[in-house]
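Taking it in order: structure first as structure tokens, then the write-up.
The values are calculated or read from the model by the stated rules, or taken from the named source; none is laboratory data. Note that the structure is predicted; figures quoted are calculated from it, not measured. Note that we place each Cβ from the backbone using ideal geometry, even for glycine, and neighbour counts take in every protein chain shown.
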Amino acid sequence: MNKDVILQQAREQLAEVVRGPHTETPVEPPFPMSPWLAMSLLQKAIRRGRTDLALIAAATLLRDAPDRLWRRIGIVAFEDIGVADLETLQLAMAATSSKAFRAKLGGEWAVACSIVAQMSMAAKCRAADDLVMAVQHHPSLREARQVLAELPTRDLIAIAMGRDHLPLRALVH
């Protein structure tokens, strides 16, 4: 299946990144802050290209709430990097795919440090997040949201994967 091949390729690329120069620990220790503040700091620091602060936030989350670190990395990848750097997006998804895989690459910190640094340096595009917000809240799409929300998964997949122009596929239902 294609998804298995794609994931394997992403994991191989991530392994190369992890072997790169960004596996040292941050200069400063993790901050004494709540996981919620650390998640916010991580996202904002990555968005602004502040690798130093992003690594401190990652270290804090890895110490206090590692599951939240990996979820937030996935969120940041889609919300802040998006289509601006598809390779980094793919690497982030590989990094979040499996704790066992991260262990094979040298452990949680080696992968976290590498992917957070990569994400901080990546080009950013919030267009996908902006589009989601517009679709969720635009008044003219209210009826379409209600109709689509009631469709079974099979029909939603058919809309997404069909050959016709997407708006036409969605209007059929």
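Cβ separations smaller than 8 Å between residues 6+ apart or across chains give the following pairs from the range 44-72 residues that are farther than 12 Å from SER120 by Cβ to residues that are of a type in the set (Ser, Thr, Tyr) and at pLDDT 95 or above: TRP70/THR96; ARG71/THR96. Whether a residue is farther than 18 Å from ALA95 by Cβ, modelled with pLDDT under 95 and not β-branched (Val, Ile, Thr) was assessed, and ASP4 does not pass this test. Looking across GLY107, GLY74, one residue alone is assigned by TED's automatic domain parsing to the domain that holds ALA57 and modelled with pLDDT under 95. It is GLY107.
When the criteria are applied in full, ALA92 meets the requirement of being more than 14 Å from MET39 (Cα to Cα) and under 11 Å from the mean Cα position of the chain (by Cα).
When LEU91 is tested against (1) free of Cβ contacts under 8 Å to residues at least 60 places away in the same chain; (2) in contact with a helix residue (DSSP H, G or I) (Cβ under 9 Å, 6 or more places away or on another chain); (3) closer than 19 Å to MET121 by Cβ, exactly one condition is not met: (1). Condition check for ASP67 on (1) charged (D, E, K, R); (2) modelled with pLDDT under 95; (3) loosely packed, with under 13 Cβ neighbours inside 10 Å: one failure, at (2).
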